[in-house]
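Written out below as structure tokens is the structure these notes cover.
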Amino acid sequence: MNIFVINSGSSSIKYQLFRMPEEKPVCSGLIERIGFENAMIRHKYFAENEEKTIERTLKLTDHEAGLLEVVKLLTDPEIGAIKNPSEIYAVGHRVVHGGESFAATTYITNKVKAEIKKLFPLAPLHNPANYIGIEIAEQIFTQAKQIAVFDTAFHQTLPEKAYRYAIPKSYYYDLGIRAYGFHGTSHKFISEQAIRYLKTPDTKIITIHLGNGCSMTAVKNGISIDTSMGFGPLGGLVMGTRSGDIDPSIIFHFINQLGYDPEQVNSLLNKESGMLGMTGFSDMRDVEKSIKEGNKDAKLASELYAYRIQKYIGAFSAILNGLDAIVFTAGVGENDSGIRKRICDNLEFLGIFLNEEKNNLRSNTLREINSEKSKVKILVIPTNEELEIARQCFKILEE
């Protein structure tokens, strides 16, 4: 069974084709700068048991042009994985925000699409792009079942005391203002990997997703019970360009004292803050390089970044009433040994002890980096959101 996974962004499309149930990745790719003259497509495929890459720069006016280009690569006589689009049995779509309407993976119908559109105001940068991907895929893969996998679904198990805000209750009941959480597909994938590794479903785990966007989740017995992101993806940890948690009175100060309008504040906190605002760099690799060159601002930013994560580890350990493992994932979490060390330092009270030699080793597989005396397992698990989407699609197809 061929399941094609699409993650459609505002100017990008990430995709991967899987053969299920073998979970065999057949090909994958990324299209960037859609709508610009110099759009880039990077397509990876397997030939003679080797992974090969094609890169092309071309003009792509919209997402439809981008997906049609992908179909050409999928069906290419020499490197293609399929002969025609009808060989795709199902298309799995990443949809960022499912609100309270969607607590599980679901087949896409006109009613489901209408609900996704209703949620545009809750995720204005993501849901419209996800919706475009669905509309175009329906036109191209006409015989395939279209399936939506929601980033927020994993967090629909949060108890009310965790997701409600202390504001008049009408704002929740009438407008849906509550914590939803994000990166749920990633947190679900790595928590399940960790549970299998620990060989018991009775577990208390903190998953730490550190990429350009960052979030943490408290997972008890496989269930999300709290998470660092809230109503939108701005809250919680310090991120590449996002501020993370901030005193709301600062926003009023920007508006009332400095004359900012709401859009300026929104842009400042989402696009100009975080590591970028503190150091001039949004990429942690550039920040680490700057630290080695003696940049004090970069050093402070990295310490603040780790400090915020430590605070959430403490808070989540409390609500879990114990801790069996912490799990690092995503680009920074998987690859930055320095950040992992800063986070794990001075957490001995919780029984967290890092093995620096193991921490400095590089691998693209699940690995344990704690010392023998550590009561808490410290795991690094590569995330694979596309595979998780394919798995959820396959599961619903089997039901």
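Could you tell me which residue out of 80, 93, 123 lies farthest along the dipole of region 2-150 toward its positive end? Charges go on the beta carbon: Lys and Arg +1, Asp and Glu -1, centred on the Cα centre.
123
Would you calculate the volume per residue, in Å³, of the smallest convex hull containing every Cα atom of region 2-150?
Numbers: hull volume 15.0 nm³, N = 149.
Per residue, the Cα convex hull of region 2-150 comes to 100 Å³.
How would region 196-251 be classified by its alpha-carbon gyration tensor: rounded, prolate or oblate, with rounded meaning a/c under 1.5 and the a/b versus b/c comparison settling the rest?
Prolate, since a/c reaches 1.5 and a/b exceeds b/c.
Average projected area of the Cα convex hull of the chain, in nm²?
With every direction weighted equally, the projected area is 21.6 nm².
Region 156-196: which trypsin sites (Lys or Arg not before Pro) are DSSP loop and have at most 16 other beta-carbon atoms within 10 angstrom? Numbers along the way, then the final one.
Working: sites: 161, 164, 169, 178, 188, 196; in loops: 164, 169, 178.
When the trypsin sites (Lys or Arg not before Pro) of region 156-196 are filtered for loop state and at most 16 Cβ neighbours within 10 Å, 164, 169 remain.
Among 238, 316, 326, which residue has its Cα positioned farthest towards the positive end of the charge dipole of region 200-380, with +1 placed on the Cβ of Lys and Arg, -1 on the Cβ of Asp and Glu, and the dipole taken about the Cα centre?
With unit charges placed on the Cβ atoms, the residue in question is 326.
What lysines could a cross-link reach from residue 24, if we take a straight Cα to Cα line under 17 Å and drop same-chain neighbours fewer than 8 places away?
Partners found: 44, 52, 395.
Debye sum, Cα scatterers, region 102-185, no solvent: what log₁₀ I/I(0) at q = 0.25 1/Å?
Computed log10 I(q)/I(0) values: -1.35.
Take the eigenvalues of the Cα gyration tensor for region 200-380, scale each by 5, and report the square roots as semi-axes in whole Å, largest first.
So the three semi-axes of region 200-380 are 30, 20, 13 Å.
Rounded to whole Å, give me the distance from the Cα center of region 28-48 to that of region 184-219.
30
Taking the alpha-carbon distance from residue 296 and a cut-off under 29 Å, which lysines remain once sequence neighbours fewer than 8 residues away in the same chain are dropped?
Residue 296 reaches 271, 311, 341, 358.
In region 22-75, which GluC sites (Glu not before Pro) are in a loop and have at most 10 other Cβ atoms within 10 Å, using DSSP for the loop call? Walk me through the numbers on the way to the answer.
On the way: sites: 22, 23, 32, 37, 48, 50, 51, 55, 64, 69; in loops: 22, 23, 37, 48.
Filter output for region 22-75: 22, 37, 48.
Given the C-alpha centroids of region 305-372 and region 167-182, what is the distance between them in whole angstrom?
32
List the lysines whose Cα lies under 20 Å from the Cα of residue 199, skipping any in the same chain that are fewer than 8 positions away.
Within reach: 188, 220, 373, 375, 377.
How large is ³J(HN,Hα), in whole Hz, for each residue of region 112-124 in order, when computed from phi with the Karplus curve 6.51 cos²θ - 1.76 cosθ + 1.60 and θ = phi - 60°, using x for Gly and Pro?
Calculated HN-Hα couplings, in order: 5, 5, 5, 5, 4, 5, 4, 8, 3, x, 7, 9, x Hz.
Determine the sum of side-chain charges near residue 351: Lys and Arg each +1, Asp and Glu each -1, restricted to other residues whose C-beta is under 15 angstrom from that of residue 351.
Net local charge, residue 351 excluded: -1.
Can you give the net charge of the other residues whose Cβ lies under 10 Å from the Cβ of residue 176, counting K and R as +1 and D and E as -1?
Here the charged neighbours net out to 0.
Report relative contact order for the chain in percent, whole number only (criteria: Cα-Cα under 8 Å, sequence separation at least 6).
Relative contact order of the chain: 13 percent.
We did not get these values from a lab; they are worked out from the coordinates using the rules stated. Because the structure is predicted, anything quoted here is derived from the model rather than measured. For neighbour counting, all protein chains shown are included, and Cβ atoms are generated from backbone atoms with ideal geometry for every residue, glycine included.
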